[in-house]
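**Student:** Please find one structure pasted underneath; my questions will follow.
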Amino acid sequence: MAETRATTGTGEPDSRPRKSSWKYIGPGIVVAATGVGAGDLVATLIAGSKFGYTLLWAAVIGCLVKISLAEAAGRWHLATGRTLFDGWRSLGAWTTVYFAVYVVIWGFIYGATAMSSSALPIVALFPDGPGLKFWAIVTGLIGLAFVWFNRYAVFEKVMTVLVGIMFVVVVYVAARTVPDVGASFAGLAPVLPDGSLLYTLGLIGGVGGTITMAAYGYWVNAKGWSNSSWMKVMRLDNRVAYVTTGIFVVAMLVVGAELLHASQIALTSGDRGLIDLGEVLEDRFGGATATLFLIGFFATSFSSLIGVWHGVSLMFADFVERFRAPAGGEKEHAGPETVDRQQRSVPFRAYLLWLTFPPMALLWLDEPFGLVIAYGVLGAFFMPFLALTLLWLLNSSRTPREWRNGWVSNGMLALAGLLFVVLCVQQVRELPW
């Protein structure tokens, strides 16, 4: 690779690729695969089944919002040479309290959700085998062992394979339904049918939007991108990731519109809705297509599981490290060596264990309805925090002037913050008080 030698605004050596290249793609695929879970695909399916192609425009806007958020997180890491927690801590102690409470409660609830979601397609594929609890525990332990013993390079390769499976399966299923091209183009016009507001907000804000968006900067550093010379590469990587996510969303809307909307077939909410879809596909296209879909369902769920096991554990390790460091002291430049060290640290492995073992107790709840609600509310509370703090950090002197927000970034982050606040309020209003 051709390089030029200079220094960056962070004082680090500048190993600048002369142009962005597809061969560097990686962290964006990881964050997109982690953010798109089975529940997101069900929500998209239901939107398609209720409104056909009408809300396709909302899915497109949602991808643009996620591109802006992930780009902002990556830009902070590369432009400043600091991690996101360095930035959050500079905003005041309230950010430390907010994240500490959030990450502990969220991890406990998400662990059970991820393990159950990964187990569902296995149970559907092998109905005469062990039950859901057994497979949920097995998937959790496999995720724990995989992340514990592997570094980022192996993790990225496995995530890329899982994304490939997801992509092929979802696009294949959409193609089998024979999409209406004219109606899909008509769906790009912003229209709000009666009763569609919440589905529209969910499409814009939900798919691919989780705490793992904040982990993008850490995966960027793990890849070896540690200064602003990698900014163009990061931006290409991020756009490819969310274009891929957009294809997932459009494909699932097509399936919902063509397979479910015309036939007025209703799906179960939550991850089990994909089991319903598997049965519909078997009736319509045969067992082979249904089996292929369940394999894609597993790839979607398990990629989210190991993505969270790796990314959020890395965030927690950095959180503990920055919390222990004296405020205003000399800070280590964020780079692959930092990430590699943190992956071997006690906090990283402690959070891995927290995600895996305590949540197993929740698997014995027959109807964990309250947990599902709590998970949704907790997810809604993090995204406004991320959007608004990035807006604050990237417009301040904490960021080198060259890499501060322009009007497009400010507009997209403000839109994201407002959108997620509305979604958060709606989630709280729907609580069974």
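Just so you know, all these numbers are worked out from the coordinates, no wet-lab data involved. Treat the numbers as computed from the prediction; the structure is a model and nothing was measured. A quick note on method: Cβ atoms are made from the backbone with ideal geometry, for glycine too, and the neighbour counts reach across all protein chains shown.
**Student:** How compact and how long is the stretch 66-154, expressed as Rg and Dmax of its alpha-carbon atoms in Å?
**Tutor:** 18.4, 55
**Student:** Give me a comma-separated list of calculated 3J(HN,Hα) values for the stretch 172-180, in order, Karplus coefficients 6.51, -1.76, 1.60 applied at θ = phi - 60°, integers in Hz, x for any Gly or Pro.
**Tutor:** Coupling constants for the stretch 172-180: 4, 4, 4, 5, 5, 7, 6, x, 8 Hz.
**Student:** While we're here: Using the Cα centre of the stretch 21-429 as the reference point, and only Cβ charges (+1 on K/R, -1 on D/E), how large is the resulting charge dipole? Debye, rounded to the nearest 20.
**Tutor:** 1260
**Student:** Using Cβ contacts closer than 10 Å as the measure, can you line up Val421, Val178 from fewest to most?
**Tutor:** Listing Val421, Val178 from fewest to most nearby Cβ atoms yields Val178, Val421.
**Student:** Sticking with this structure for a sec: Could you put Asp128, Asp283, Asp86, Asp276 in order, starting from the residue whose Cβ has the fewest other Cβ atoms within 10 Å?
**Tutor:** So the ranking, lowest neighbour count to highest, is Asp128, Asp283, Asp276, Asp86.
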